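Here the structure comes first, spelled out in structure tokens, and everything after it is commentary.
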Amino acid sequence: MTGFDPMRCTSRAAMLASLLLAAPGFAQVNFAGVWNMTLTEDFPDRLPGPELGDYAGLPLNANDRARAQSWNASILSLPDYQCRVHPSDYANSFADIRMWHEFDTTTQELIAIHIQHFAWNTQRTIWMDGRPHPHPMAEHTSMGFSTGEWVGNTLKVTTTHLKEGWLRRNGVARSDAATVTEHFIRHDNHLTWSVFVQDPKYLEEPFFRNRDYTAAVGDAISAYPCESVVEVVLPEQGYFPHYLPGENPFLIEYARNHKIPSEAAMGGAKTMYPEYRKRLVELSPP
Amino acid sequence: MKQCIRAASIAALAAAGFCTPSFAQAPQNFDAVKIDTLKVRDNIYMLVGSGGNITVQVGDEGVLLVDTQYAPLSDKILAAIRAISPKPIYYIVDTHHHGDHTGGNANLRAAGTTVSGGNMAGAIRDSGVGAAIIAHENVLLRLSSDKGPQALPSGGWPTSTFFGNKKELFYNGEGIEIIHVPAAHTDGDSIVFFRRSDVISAGDVFVTTSYPFIDTASGGTYQGFVAALEKLVDIIIPVYGQDGGTLVIPGHGRISNLGDVLNYREMVIVVGDRIKHMIEAGMTLEQVKAAKPTVDYDPVYGARAGAAEGFIEATYRTLGAPPGDSR
């Protein structure tokens with residue numbers, strides 16, 4: 001038993017303080033490695049892909065609905081669109097990923113976390129070094145500009161500078177004004193990745209999408225090359241496939257095949273909530 | 001130099017507002033305008049202030065500008081250029097004649113110089129005075145034919161014009177193509193392709209902030225606008241998908257890549273097809289406007305008052321309005 005030693009106490013306090021100041025380091029969770037996606041949630045919407053005219057549960061506004069209704073899947077045969085990637089707020093629905101952490105080799109501070117998607121081989125960087133988001137007039141990309149912070153053991157990511165992309169790959173657009181907030185939560189060998197999309201131009205309310213992954217020890221990400229080719233002879237300059245308003249013959253198929261009222265199939269914020277079931281009782285499928 | 005610029009600005013300020021219906025509307029308070037500099041790639045920068053974006057190419061030889069915004073901003077623009085390079089301004093390229101892109105011509109030309117000698121001297125007595133201003137000849141024709149207080153002073157007119165498809169330069173270590181895209185936004189549009197830098201300065205044939213302004217009174221047409229966008233798409237080579245590779249500095253808005261141009265082209269073609277269909281159905285202009293053929297794109301491109309209506313009207317008229325429909 002020793003008496004109070006101011007020097008020793010100060011030294012220990014300094015050590016404790018330095019540890020506390022390094023708290024983010026303790027909060028850091030290791031996401032490094034390959035993660036296999038778990039496809040059981042929303043499977044029909046993912047690998048097979050969404051059906052034409054299925055906007056149910058999407059909080060899209062009337063403008064976005066009109067745009068989706070004119071969408072023609074033939075655009076995917078255009079050379080400029082064949083290798084169009086899924087944007088970072090949608091890419092987590094489709095394929096395995098590899099994550100790795102980048103450290104400053106001198107200070108060992110975390111600079112960035114990187115994600116490689118198998119699908120379209122897209123890569124994104126989540127900056128962890130506190131850098132600001134770029135000027136609003138800087139380039140926008142499919143992956144956007146992401147910064148991350150630790151909230152406890154959760155990695156919270158904010159993404160801006162996203163180029164316009166698909167909210168759902170059946171013509172539902174997400175605008176370039178969107179801000180996306182993501183949370184990466186690791187539970188042992190499971191990863192939950194939530195995506196929260198706020199789009200003031202095309203959404204009535206924020207859209208939430210949740211995906212799960214499982215750690216894959218020793219697994220790898222395969223290559224995903226994409227080369228555009230001319231598949232059809234295009235009619236003329238200024239050609240872009242689309243349906244004129246009211247002339248898309250496929251819009252009714254989803255509602256008819258699944259016996260879902262057309263109003264529900266056309267989506268909107270109200271179709272996201274349990275209360276909408278009361279409204280469904282009043283409607284008839286086509 | 002600043003006094004010179006301010007003096008010239010007084011006359012040029014009026015010119016800023018001469019292009020009434022479009023982006024060219026003069027802002028009310030230039031004192032509040034800040035010039036932001038964005039690095040696009042290596043030796044290419046984009047200056048954002050009020051009016052059209054300015055492209056700045058710098059190198060060992062000097063400075064080349066594409067467009068000049070408004071005259072009252074010239075001091076700030078020059079300061080921004082000097083923060084990038086101390087070299088003299090040798091070339092100014094005008095993408096078209098509108099005042100929000102050419103208003104600063106006289107000031108920034110005066111701040112620059114031209115190498116003269118040989119066949120660039122003698123008969124051309126002012127060949128060494130100020131930077132050369134390059135543009136399609138229709139830009140000179142329109143600027144020099146404007147009369148009254150809003151006319152651009154002759155010191156801001158192009159000094160080196162071209163006709164035909166394009167003019168070429170080799171400057172600061174790279175080939176530069178000044179490519180005329182006929183009858184698009186106006187009848188004097190050029191896009192400027194920096195071949196080594198892989199950057200295109202597009203002028204107002206591509207913007208990210210609004211529907212196309214097709215200045216039919218200045219020779220713009222819907223068909224020419226589509227062709228100009230096709231030309232951009234034809235030049236651009238992305239790294240992968242629709243990202244990276246060739247970058248595009250739009251007339252207004254953010255630095256862009258292939259995906260942005262494709263999205264814009266999609267909108268222009270889809271809306272144009274709808275209007276064409278309505279014309280074939282015999283609809284009047286008012287009926288077409290009432291049918292809202294731009295409704296799905298309005299949140300993205302319709303923020304500027306009158307932008308959608310102007311685009312619809314210009315498209316309707318140049319696609320061939322029914323005989324007798326002059327409304």
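Side notes on the structure shown:
- Only Cα sites of chain B enter the Debye sum here, all with the same form factor; the resulting log10 I(q)/I(0) across q = 0.07, 0.08, 0.10, 0.12 1/Å is -0.27, -0.35, -0.55, -0.79, listed in q order.
- Once the Cα gyration tensor of the range B:222-280 is diagonalised, semi-axes √(5λ) in Å: 24, 11, 10
- All-pairs Cα distance distribution in chain A, expressed in whole percent, bin size 5 Å: 1, 5, 10, 13, 15, 14, 12, 9, 7, 5, 3, 2, 2, 1, 1, 1, 0, 0, 0
- Low-density loop positions, chymotrypsin sites (Phe, Trp or Tyr not before Pro), the range B:147-248 - DSSP coil, at most 14 other Cβ in 10 Å: B:Phe163
- Scattering curve values for the range B:196-252, log₁₀ I(q)/I(0), Debye with Cα scatterers, q = 0.21 Å⁻¹: -0.84
- Charge context of B:Asp67, other residues only, Cβ under 11 angstrom, K/R +1, D/E -1: -3
- In terms of its alpha-carbon gyration tensor, the protein assembly as shown comes out oblate; a/c meets the 1.5 threshold, while b/c is at least as large as a/b.
- Rounded to whole Å, sorted largest first: equivalent-ellipsoid semi-axes of the range A:91-231, Cα gyration tensor: 24, 20, 17
- Rounded, prolate or oblate (a/c below 1.5 giving rounded, otherwise prolate when a/b exceeds b/c) for the range A:122-199 by Cα gyration tensor: oblate
- Helix A:6-21 and the long axis of chain A differ in direction by around 10°, with both axes built from C-alpha atoms.
- Angle in degrees between helix B:307-320 and the longest Cα principal axis of chain B, rounded to the nearest 10: 70 degrees
- Beta bridges per DSSP, both residues in chain B: antiparallel share near 70 percent.
None of the figures in this text is laboratory data; all of them are computed from the coordinates on show. A quick note: this is a predicted structure, and the numbers were derived from the prediction, not measured. When we count neighbours, we look across all protein chains shown, and the Cβ atoms used for this are built from the backbone with ideal geometry, even at glycine.
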